[in-house]
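This report refers to the structure that appears directly beneath it.
The values are calculated or read from the model by the stated rules, or taken from the named source; none is laboratory data. What you are looking at is a predicted structure, and each value in this text was computed from that prediction instead of being measured. A quick note on method: Cβ atoms are made from the backbone with ideal geometry, for glycine too, and the neighbour counts reach across all protein chains shown. The protein model used for the area step is the full one, side chains on, heavy atoms only, and it has no ligands, DNA or RNA in it. Shrake-Rupley method; radii C 1.70, N 1.55, O 1.52, S 1.80 Å.
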Amino acid sequence: MTIAIGALALLGTGALTVGAIGQLPAASAHNYLVSSTPEAGSVLTTLPSDFVITTNDVLLDFGGENTGSAGALEVQGPDGLFYGDGCVTVSGPSISTAAALGPAGDYTVIWRVVSTDGHPVSNQFSFTWQPDAGQPASTGSKAAPVCATAVDTTGDSNSDGGSTGSSANSSDQKSVAATSDDEFLSVVAWAGGALAAVAVAVGVTLFALRRPKLGAGSGSDSRSSGDI
């Protein structure tokens, strides 16, 4: 009776382990692009309210719209300048930013998100901007813009002169950019470590189930010296 119960327990453990392994591929699948506004290769004549990247699954957002851990969505124009304010919003499977464009021509959208499994996913595509009459044109920047924060706003309001305030604001933006990259890398490292721990746990379970017990072989003698 005891042997039968032990066998059933062993079979149950094996089934749970196989089930866990069967779930690993689905859990480790990266998000992929489903749709975008504008579409890749399209000709845009009117400016939408937002540029949007939509994936097949929910995106991870560890830091909110003002930090790089939420992801990034950058738009670079034919003049080599970047357009937009650098702020992104993650909502379910989508990441978006307020739309802004400059002169007519070919633009490149560069995006980066954190997949459901914790892995960063990035790509880019191009579209053509042929604005209708009356469409607004924004001013671009040489570097990818960094979303304004409360720190930036406070620094502007407390500055005494234009040059001092501008210098402080520039310093804050560099600090925010560095923090954003650090946070994004920390998120990726944390998620990767968690996945590695799961893989190790499954491997240890399989090894324990398959390892032969001492004295259980057909040629072994597990009797004590007193029984011989």
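Per-structure values
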quantity: Hits in region 46-67 (condition: among the hydroxyl-bearing types (Ser, Thr, Tyr), modelled with pLDDT of 95 or more and surrounded by 12 or more Cβ atoms within 10 Å (Cβ to Cβ)); calculated: Thr54, Thr55
quantity: Residues of region 103-117 that turn out to be over 13 Å from Pro38 (Cβ atoms) and out of contact with any Gly (no Cβ under 8 Å at 6 or more places or on another chain), as a count; calculated: 5
quantity: So Ala133, is it aliphatic (A, V, I, L, M), open to solvent by 50 Å² or more (accessible area, probe 1.4 Å) and modelled with pLDDT under 95; calculated: yes
quantity: All positions within region 103-120 that are within 24 Å of the chain's Cα centre (by Cα) and in a strand (DSSP E or B); calculated: Tyr107, Thr108, Val109, Ile110, Trp111, Arg112, Val113, Val114, Pro120
quantity: Selection from region 67-102 of residues that are farther than 15 Å from Ser36 by Cβ and charged (D, E, K, R); calculated: Asp79, Asp85
quantity: Scan of region 121-141 for residues that are in contact (Cβ under 8 Å) with a residue 12 or more places away in the chain and either under 14 Å from Leu47 (Cβ atoms) or assigned to a loop (DSSP other than H, G, I, E, B) (or both), ordered by number; calculated: Phe127, Thr128, Trp129, Gln130, Pro131, Asp132, Gln135, Pro136, Ala137, Ser138, Thr139, Gly140
quantity: Hey, Val43 under 16 Å from the mean Cα position of the chain (by Cα) and among the hydrophobic types (A, V, I, L, M, F, W, C) or not; calculated: no
quantity: Neighbours by Cβ (under 8 Å, 6+ apart or cross-chain): first from region 93-120, on the phi > 0 side of the Ramachandran plot and free of Cβ contacts under 8 Å to residues at least 40 places away in the same chain; second part of a strand (DSSP E or B) and surrounded by fewer than 17 Cβ atoms within 10 Å (Cβ to Cβ); calculated: Gly105/Thr128
quantity: Number of the condition not met by Val88 [criteria: (1) closer than 15 Å to Val75 by Cβ; (2) open to solvent by 10 Å² or more (accessible area, probe 1.4 Å)]; calculated: (2)
quantity: Sole residue being at negative phi, open to solvent by 60 Å² or more (accessible area, probe 1.4 Å) and modelled with pLDDT under 50, chosen from Ala7, Ala15, Ala40; calculated: Ala15
